[in-house]
Amino acid sequence: MKPTPQDLEQYPLLRVLSDEERRQICDMMRVDALMKNGVLFLEGEFSSALFFVISGWLKAEKVSREGRQQILRFIGPGEMINELSVFSNEANAVSVIALEPCQVFSLSQTDVEKLLEKSTSFSRAVIKNLAHRIDYLLAKIEDLSLYTVEVRLARYLLEHEESEVVLRQSWKTQSEIAAQIGTVPDVLNRHLQKLARDGVIDISREQIRITDMQALEQIARG
């Protein structure tokens, strides 16, 4: 089922458009479904569509020649994918893979370019989104190059907590978390267990509860 014009308001890039423009987008869009581990696109390929997540979670990752995996971000409902290729005509910089059954819709590069020409609000929203993405990637580079695994883990927990709880979706395994913070599962597990022994967090199958927020924030400052 295609999203309605009202559904499109959850996407910051499309929220700035008029109701009529969102109705036109509904006519332009293509809706696709992905199963778990389904590939939306691969690093090095060319994909000229701009994707928007309707439901489910995906990951954007890079893999080294030795097979080392680095997850750049988890991508969920309301988020957008593939800005770089659409706006630069470059090959995909990452692979995007479904972590669970997902549904996405896409707009062709041609349709996106028409929106850029017609709507100054849309153009400004695109620039703002790209600026946020650059800021996020700079912070990721800083974390990976300047801080220890312990600090990166603390920052990850703080970034993903809601009411002092980090939910553990079925796909959010230690392997996936380790790949996002730039380490391996064994090292991640050791640091999680240390935080638990120190009374900073409490770990269960469904969630990680932060029991000493002040201590975790101190660790995150490095």
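In table form, for the structure just shown:
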quantity	calculated
Total residues in segment 57-86, condition part of a loop (DSSP other than H, G, I, E, B), over 26 Å from VAL184 (Cα atoms) and open to solvent by 50 Å² or more (accessible area, probe 1.4 Å)	2
Tally, over segment 15-56, of residues that are in a loop (DSSP other than H, G, I, E, B) and surrounded by 15 or more Cβ atoms within 10 Å (Cβ to Cβ)	6
Extreme residue, farthest from PHE105 (Cα to Cα), among residues of segment 1-36 that are touching a residue at least 40 places away in the same chain (Cβ under 8 Å) and β-branched (Val, Ile, Thr)	VAL16
Which numbered condition LEU216 misses (of (1) over 24 Å from LEU72 (Cα atoms); (2) at pLDDT 90 or above; (3) open to solvent by less than 20 Å² (accessible area, probe 1.4 Å))	(1)
Identity of the residue in segment 90-133, part of a loop (DSSP other than H, G, I, E, B) and within 30 Å of SER170 (Cα to Cα), that ends up most open to solvent (accessible area, probe 1.4 Å)	PRO101
Pairs, first farther than 23 Å from ALA93 by Cα in segment 112-140, second at pLDDT below 90 and acidic (Asp, Glu), C-beta under 7 Å, six or more apart	SER119/GLU21
Selection status of ALA178, surrounded by 14 or more Cβ atoms within 10 Å (Cβ to Cβ) and farther than 18 Å from ILE71 by Cβ	no
First in segment 69-89 and in contact (Cβ under 8 Å) with a residue 60 or more places away in the chain and small (Gly, Ala, Ser), second anywhere and assigned to a loop (DSSP other than H, G, I, E, B) and buried (at least 17 other Cβ atoms within 10 Å of the Cβ), Cβ under 8 Å, 6 or more apart	GLY78/TYR11
Pick from segment 93-132, criterion touching a strand residue (DSSP E or B) at 6+ places or on another chain (Cβ under 9 Å) and at pLDDT below 90, ranking: farthest from LEU17 (Cα to Cα)	ALA93
Residue check for LYS140: out of contact with any strand residue (DSSP E or B) (no Cβ under 7 Å at 6 or more places or on another chain), part of a helix (DSSP H, G or I) and of a type in the set (Lys, Arg)	no
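The values are calculated or read from the model by the stated rules, or taken from the named source; none is laboratory data. Just so it is clear, the structure is predicted and the values come from calculations on it, not from any experiment. A quick note on method: Cβ atoms are made from the backbone with ideal geometry, for glycine too, and the neighbour counts reach across all protein chains shown. All accessible areas refer to the heavy atoms of the entire protein, side chains included, with ligands and DNA or RNA removed. Shrake-Rupley method; radii C 1.70, N 1.55, O 1.52, S 1.80 Å.
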